[in-house]
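Below: the structure, in structure tokens.
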Amino acid sequence: LRRQNRTIMALALVVAAAATLVGAPVIGAKEPQALTPIPDRPPAPDFDLKDPDGVPVRLADFRGMPLIVNFWATWCPPCREEMPSMQRAHAAVSKDGIGLIAINVGEDADTVAQFVASTQVQFPLPLDETSKVVMSYPVRGLPTTFVVDPDGRLAYVATGEREWDDPELLDLVRALKK
């Protein structure tokens with residue numbers, strides 16, 4: 001039994017060391033408050049979705065302005081945790097002509113409506129019930145957020161939770177305005 005415990009501990013240390021070497025996040029560690037530039041700014045994949053009330057939300061609706069596009073789900077704790085800061089960011093940048101939406105991945109309108117009722121989020125939450133849209137973006141996990149420039153190109157990405165009302169993050173988005 002002792003030999004088995006030592007083997008398990010050694011294996012756990014090897015896995016932890018390997019994760020560190022490949023840049024995997026440490027469990028419980030906060031993500032840095034940064035946005036990663038996307039080389040060559042490829043076009044953002046188009047979408048035409050509806051929010052829980054059936055109101056259409058299209059990428060084309062935001063053409064000519066920077067847009068923060070978050071992919072999230074109600075079952076994702078970091079997604080839920082960053083929603084209040086996204087609401088504060090929305091309040092801060094909407095008057096500057098900057099859009100912010102959070103595309104829900106794989107859930108139905110009732111689930112998202114219940115979440116909205118408990119959080120008072122006031123920005124668009126379009127539904128990607130079939131996950132077709134999220135699969136067209138380079139998403140590796142939830143939450144993942146992209147910043148689309150006014151020309152409809154992917155300018156930045158953030159994988160993991162952020163404090164979206166952080167002034168440095170919002171200044172990067174504001175700098176994209178024409």
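When the accessible area of region 94-137 is split by element with a 1.4 Å probe, what percent falls to carbon and sulfur? Display every interim value, and only then the final one.
Working: 1050 of 2120 Å².
That fraction is 50 percent.
Return the sequence-ordered ³J(HN,Hα) values of region 48-60 in whole Hz as given by the Karplus equation 6.51 cos²θ - 1.76 cosθ + 1.60 applied to θ = phi - 60°, using x for Gly and Pro.
Along region 48-60, the couplings run 9, 10, 10, 7, x, 8, x, 6, x, 9, 10, 4, 4 Hz.
Given bins 5 angstrom wide, list per bin the percent of all Cα-Cα distances in region 82-133, short to long.
Pairs per bin, as whole percents: 5, 19, 27, 23, 16, 9, 1.
Under the Karplus relation 6.51 cos²θ - 1.76 cosθ + 1.60, θ = phi - 60°, what is the ordered set of whole-Hz ³J(HN,Hα) values for region 159-172, x standing for Gly and Pro?
Result, rounded to whole Hz: 9, x, 5, 9, 9, 5, 8, 4, x, 5, 5, 5, 5, 4.
Taking amide H positions as placed 1.01 Å from N in the peptide plane, with prolines and chain starts having none, which residues 5 or more places from Glu129, or on another chain, fall under 5 Å of its amide H?
For Glu129, whose amide H was placed from the backbone, the distant partners under 5 Å are Gly106.
Can you bin region 33-160 into rounded, prolate or oblate? Criterion: square roots of the alpha carbon gyration tensor eigenvalues sorted a ≥ b ≥ c, rounded for a/c under 1.5, prolate for a/b above b/c, oblate for the rest. Walk me through the intermediate numbers first.
Numbers: a/c = 1.36, a/b = 1.31, b/c = 1.03.
Because its axes are fairly even, with a/c under 1.5, region 33-160 counts as rounded.
For Arg41 paired with Gln122, estimate the spin-label separation in nm (one decimal), with each label point 7 Å from Cα along the Cα-to-Cβ line.
Going from the Arg41 label point to the Gln122 one covers 3.1 nm.
Using label points projected 7 Å from each Cα along Cα→Cβ, tell me how many nm separate Ser131 and Ala109, to one decimal.
Distance between label points: 2.3 nm.
Which whole-number value in Å² is the accessible area per residue of region 21-178, probe 1.4 Å?
On the way: 8090 Å² over 158 residues.
It amounts to 51 Å² per residue over region 21-178.
The values are calculated or read from the model by the stated rules, or taken from the named source; none is laboratory data. Quantities reported herein were computed from a predicted structural model and do not represent experimental measurements. All Cβ positions, even for glycine, are placed from backbone atoms using ideal geometry, and neighbour counts span all protein chains on display. The area values use the complete protein model at the heavy-atom level, side chains included, leaving out ligands, DNA and RNA. Shrake-Rupley method; radii C 1.70, N 1.55, O 1.52, S 1.80 Å.
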